[in-house]
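What follows is a single structure, written as structure tokens, with notes after it.
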Amino acid sequence: MLPRLAPARARHRLILSTPHALSTAAAPAPVPPTPTTPPAAPPLSAADLELLLRRGHYSASTHRFHSILPLLSHPSVILSSALHLSRRAHPSLLTPPHPPPTTVSSSAAAAVAAISSPSSHLRLLLPSRLKGQPLPFPTLPLRLAMRSAASALDAVFAPRAATFAYRGRHSAIRYLRSIPSASWFFRVAIPRQRFGPRHVRRLLDAISGKVDDPGFLEYLNELFVSEAVAFELGGCELGRGLPQESELTATLVNIFFDPVDRELMAVREEVHKKNPRIKDETVLHTPVRVYAVRYLDDILVVTSGSKMLTIEIRDRVIAVLERDLEVKVDRLGSSIHSAVSEKIEFLGIEFQAVPPSVLHPPMSEKAKRARKKYLKMKAEKAQELKNARETRRKKLGLKILNHLFKRMRRGEEFKFDFQIENEVQQVFKDWAEETVAEYFRSQEHCQYWHRLLTSGDFLSLARVRDQLPLALVDSYDKFQETLDRFLMPTRGHNMSEEEERIAEEEEEEEYEKRTVEDLTELKMRANAPIELVRKAVKLAGFTNSMGRPRPIKLLLCLDDADIIKWYAGVGRRWLDFFCCCRNFKMVKTVVSYHLRFSCFLTLAEKHDCTKRQAISHFTKDLKVKNDDGVTEVHFPTEREIRMMGDKNLTDPKPVDGALTMILVRLAVDDTSYSCLVHFCAKTDTVLYRIRLLQNRLNVDPLNENKWVCGLSAIHESLNKKCLPLCSMHASDLLLGNITLQDIDCTQFVDVE
């Protein structure tokens, strides 16, 4: 429940009209409405855009593309960019809303103006503290123009990109886990540095090698000059869904590092030619190989050769970065590490080469005994169920026979159109044969009766047999032969010995194979940095100094469902991101215990009750009812967490944006603002205030002693900004399904 609404109506105004919101240029004039709406142009897919560029914008003589800038303002390209933003901003809908033709036409006209003058479509957000750094934000037309430019650049450069230049974290991690027999690795350590004019010059030179369009290059340069596109190399903010990252950043970074990819491809080709693979299967041979992975500005190189070869490769890569790209490199941080005895952190996950038995350890003797016990109990349970069914059938048959006998004793006759005596005899005969056959298939029963009928019989003694009639002795011998033929357990004993021998041979072969693999192969193990996860849990306030769950009092003003959704968003992002790690069980414990019970304590603090009462009301699965009275479960249940694994890898955003931001609901009764999510026209909204973790703790995210290493932060200019959201998008933002990148940050509301 929300607290009581404030008696006085709060005043609102758009942030654009306040002195705290500065524009880098005058606002563009509104586009006059057209009297007739032109027919909507069909959107272009990535393949269609690439085909269009190849056919109409490519010169075979110069091998370069031309006339890219006019293509960006084409209605089909603008519509494709709008659909891309709309799909990303509406993950809860099966079919995202299609932008209306009037919106697309007006956006296309505004995008043309944004292309000609990007600085006029920027809004400068000032931080809440005096010493903070302002941040320029692009308007929606400029974002559409940048999205169109990114699509065009992807169509030009993506087909020739290196195979190890990954666009998704889990794709890169999946490739790293498949690397065999790693010996040495190093990560190129790029210190934090601004992507400055010298880097922009190198980037534009690389683009001009494939694009012959001075206007397009001038447009990209204007984006950097106006800081519509601004980022840092060597940081941890790229590719994490933070609002300070533009639509063009990932594409431009991949183009900028293309010379490094080319150098690594040349190194790999040279090494592979000098060290071919031996095709003889009888020879254990591990050829020298070079593996590389790059995700944006993170570069990891793995080798299965000598250390001197790895040093040579590192020097060549660093030379390209320093000489050709003018990027500063920390040579000490780029040291060579042993893949077997040392760990290396890459993309927030620790990697190390280990024997295969470490990843897939054999069953211990205790585990084998436990499994045999479990299988025995399972067989006994199945036998009990089978016996119970037979008992029920027997009782039913006896009831039927008793009923028939009673009627016959009373002298009643049964009249049938045909004789059933033969049918009844055949049924009972089949039952008897099946029972006998099933009985004789049991080795235990045969051994039992053979022991009873053969042990301690005085007719087997010679002095007794001499005194008996010959016919009796012959009859006894024939009886013993029949017993031995049908009940002698020798055949079953031999079969069990044969099965045991085969099982022992298979176990020896498996042990031999496992030993050879441990001596000749190495597999890459991926582990979650559990200490950093625990430090992040403590920093965010989920646990106290003793590591025990505690409530977060800043969430008390939210509804119960919103509190649970925020915890669920943080927990699910952690689970989705680390699901491919070997120690995923420890991450499950953090989410299932620390986050779950912190949520219980927060709910108990809000309702002024005990933790036990909160658990009793919301249950262990944190069930809550929505506005329609339907019970919903947002937080992952304990059973769901136990069943999670890396079978269905996705590429989710890291937890940084959800962990370092809390949405505080404002107690106001004015809902006259429309939702700020891209292409959402709902006006039934609620006002939320953004509270950032670094501002609440008064901590600089660049200070690794007080912050978590590798944890990025939202720009401080968004702290305490207010945004209206509809119920669906507020739920999506709390659950982490969308980020602040999907919100028009230039239309924030100022509440006094």
Links exceeding 23 Å between C-alpha atoms in this model, out of Lys538/Lys606; Lys378/Lys623; Lys131/Lys535, come to Lys378/Lys623; Lys131/Lys535
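Once you order the gyration tensor axes a ≥ b ≥ c over the Cα atoms, which shape class does the stretch 528-751 get: rounded for a/c under 1.5, otherwise prolate or oblate by comparing a/b with b/c?
Rounded, because the longest to shortest axis ratio a/c is under 1.5.
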Listed by chain and number, the residues whose amide H is under 5 Å from that of Ser246, excluding neighbours fewer than 5 places away on the same chain and using placed H, are Ala230
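Below 8 Å, C-alpha to C-alpha, sequence gap of six or more: please give me the relative contact order for the stretch 528-751 in percent.
Details: 340 pairs, mean separation 48.1, N = 224.
Result for the stretch 528-751 is 21 percent.
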Given a Förster distance of 56 Å, the FRET efficiency implied by the Cβ-Cβ spacing of Glu510 and Arg410, rounded to the nearest 0.05, works out to 0.20
Given pairs Lys682/Lys720; Lys625/Lys720; Lys553/Lys620 and cut-off 26 Å on Cα-Cα distance, the over-length ones are Lys625/Lys720
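With a/c under 1.5 counting as rounded, go ahead and sort the stretch 62-216 into rounded, prolate or oblate using the C-alpha gyration tensor (a ≥ b ≥ c being the square roots of the eigenvalues; past the cut-off, prolate if a/b is larger than b/c, else oblate). Display every interim value, and only then the final one.
On the way: a/c = 1.43, a/b = 1.38, b/c = 1.03.
In terms of gyration-tensor shape, rounded.
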To the nearest 10 degrees, the tilt of helix 470-487 (Cα long axis) against the first principal axis of the alpha carbons of the chain is 0
Taking the chain and a Cβ-Cβ threshold of 4.7 Å, the cysteines left without a partner are Cys236, Cys446, Cys557, Cys579, Cys580, Cys581, Cys599, Cys609, Cys709, Cys722, Cys745
Scalar couplings 3J(HN,Hα) for the stretch 499-509 by Karplus 6.51 cos²θ - 1.76 cosθ + 1.60 (θ = phi - 60°), nearest whole Hz, x for Gly and Pro, are 5, 5, 5, 5, 5, 5, 5, 5, 5, 5, 5
Fewest-first ordering of Phe748, Phe346 by Cβ atoms within 10 Å yields Phe346, Phe748
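At a threshold of 8 angstrom on Cα-Cα distance, excluding pairs fewer than six apart, so keeping six or more, what relative contact order does the stretch 622-752 reach in percent? Don't skip to the answer; put the middle values down first.
Working: 166 pairs, mean separation 30.4, N = 131.
Here the relative contact order equals 23 percent.
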With x for Gly and Pro, the residue-by-residue ³J(HN,Hα) of the stretch 565-578, computed from phi through the Karplus equation 6.51 cos²θ - 1.76 cosθ + 1.60 at θ = phi - 60° and given in whole Hz, is 5, 5, 4, 5, x, 5, x, 5, 5, 5, 5, 5, 6, 9
Interchain or sequence-distant (5+) residues whose placed amide H lies within less than 5 Å of the amide H of Ser128 are Asn719
Pseudo-spin-label distance Thr95 to Leu398, built 7 Å along Cα→Cβ, given in nm, is 6.5
Per the 1/(1 + (r/R0)^6) rule, R0 = 60 Å and r from the Cβ atoms of Ala437 and Ser116, FRET efficiency to 0.05 is 0.05
Mean shadow area (nm²) of the C-alpha convex hull around the chain is 58.6
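Would you work out the charge dipole size for the chain about its Cα centre, treating the Cβ of every Lys and Arg as +1 and the Cβ of every Asp and Glu as -1, and quote it to the nearest 20 debye? Display every interim value, and only then the final one.
Numbers: 107 positive and 93 negative charges, 476 e Å.
It comes to approximately 2280 debye.
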So His607 and Ser61, fully extended at 0.36 nm per residue minus their Cα-Cα distance, gain in nm 189.2 nm
For the chain, averaging the sequence separation of alpha carbon pairs under 8 Å that lie six or more residues apart and dividing by its residue count, the contact order in percent is 18
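Cα convex hull of the stretch 685-746: how many Å³ per residue?
Numbers: hull volume 5.9 nm³, N = 62.
It comes to 95 Å³ per residue, whole-number rounded.
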So Arg642 and Gln425, fully extended at 0.36 nm per residue minus their Cα-Cα distance, gain in nm 72.5 nm
Only helices counted: for the chain, with every DSSP H run of 4 or more residues adding -39500 (n - 2.57) and the sum spread over all residues, [θ] at 222 nm is -14500 deg cm²/dmol
If His403, His607, His57 are placed from fewest to most neighbouring beta carbons inside 10 Å, the sequence is His403, His607, His57
Ranked on Cβ counts within 10 Å of their own Cβ, fewest leading, Val327, Val533 go Val533, Val327
Dipole check, the stretch 528-751, charges on Cβ (K,R +1; D,E -1), about Cα centroid: among Leu740, Leu718, Leu659 the Cα furthest to the positive pole belongs to Leu659
Counting only residues 5 or more apart in sequence or on a different chain, those whose built amide H sits under 5 Å from that of Phe748 are Ile15
Computed ³J(HN,Hα) along the stretch 75-90: with the Karplus parameters 6.51/-1.76/1.60, θ = phi - 60°, integer Hz and x for glycine or proline, the list is x, 5, 5, 5, 5, 4, 5, 5, 5, 4, 5, 5, 5, 5, 8, 10
Nearest 10, in degrees from 0 to 90: the angle of helix 258-274 to the longest Cα principal axis of the chain is 40
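In debye, nearest 20, what is the charge dipole magnitude of the stretch 528-751 about its Cα centre with +1 on Lys and Arg Cβ and -1 on Asp and Glu Cβ, if you could check? Don't jump to the answer; show the numbers that get you there.
Details: 31 positive and 26 negative charges, 241 e Å.
That gives the stretch 528-751 a dipole magnitude of about 1160 debye.
When a/c reaches 1.5 or more, the comparison of a/b and b/c decides; with that in mind, is the stretch 632-752 rounded, prolate or oblate per its Cα gyration tensor?
Working: a/c = 2.07, a/b = 1.20, b/c = 1.72.
Oblate.
All of the numbers you see were taken from the coordinates with simple rules; none came from a lab. Just so you know, these numbers come straight off a predicted model, no measurement behind them. All Cβ positions, even for glycine, are placed from backbone atoms using ideal geometry, and neighbour counts span all protein chains on display.
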